[in-house]
Amino acid sequence: GMPKMKELQESKQEIVYVFLSLDKSIDSWKKGIEKYKVEGEHYFMKSGWDGPFGTFLDLDWIPRYLVIDEVQNIKIFKEIKVNKNLKNSLP
């Protein structure tokens with residue numbers, strides 16, 4: 001989860017990290033950012049899992065990682081761990 005993301009950020013600092021949270025409350029979202037200290041752009045999506053974005057992703061697990069390249073191609077669509085596959089998809 002997030003501890004592995006922090007490690008990835010430290011090794012790949014040139015990447016822009018965007019976090020979209022589907023937490024149930026803004027307080028939970030803010031506490032998670034503070035607890036894990038992940039850097040990047042953080043957005044709270046109040047529509048939650050059942051909203052259009054959650055439905056598009058067919059969410060069944062969090063965290064969920066996507067990798068989108070510099071020309072907006074989705075390279076990774078459904079990854080739930082910071083693993084070799086995810087790391088190898090990054091520049």
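Ranked by how many other Cβ atoms sit within 10 Å of their own Cβ, fewest first, the residues 43, 65 fall in the order 43, 65. Over the chain, DSSP H runs of length four or greater, each weighted -39,500 (n - 2.57), average out per residue to a 222 nm ellipticity of -9500 deg cm²/dmol.
Over 23 Å apart at the Cα level, from the set 24/75; 46/87; 31/75; 37/87, are 24/75; 46/87; 31/75. Rounded to the nearest 20 debye, the dipole magnitude of the chain is 300 debye, with +1 charges on Lys and Arg beta carbons, -1 on Asp and Glu beta carbons, and the Cα centre as origin. Let me check I've understood the local charge: for residue 6, count other residues with C-beta under 9 angstrom from its C-beta, Lys and Arg +1, Asp and Glu -1. What total comes out? Net charge in that neighbourhood comes out at -1. Counted over all Cα-Cα pairs of region 2-88, pairs farther apart than 17 Å make up 51 percent. Segment residue 33..residue 18, full-extension length gain: 4.2 nm, with 0.36 nm per residue of separation and the alpha-carbon distance subtracted.
Projecting the Cα atoms of 85, 3, 74 onto the charge dipole of region 2-88, computed from C-beta unit charges around the Cα centre, puts 3 farthest toward the positive end.
The numbers here are math on the coordinates, done by the rules we state, and not lab data. These figures come from a predicted structure and were not determined experimentally. Every residue, glycine among them, receives a Cβ derived from its backbone with ideal geometry; neighbour counts consider all protein chains shown.
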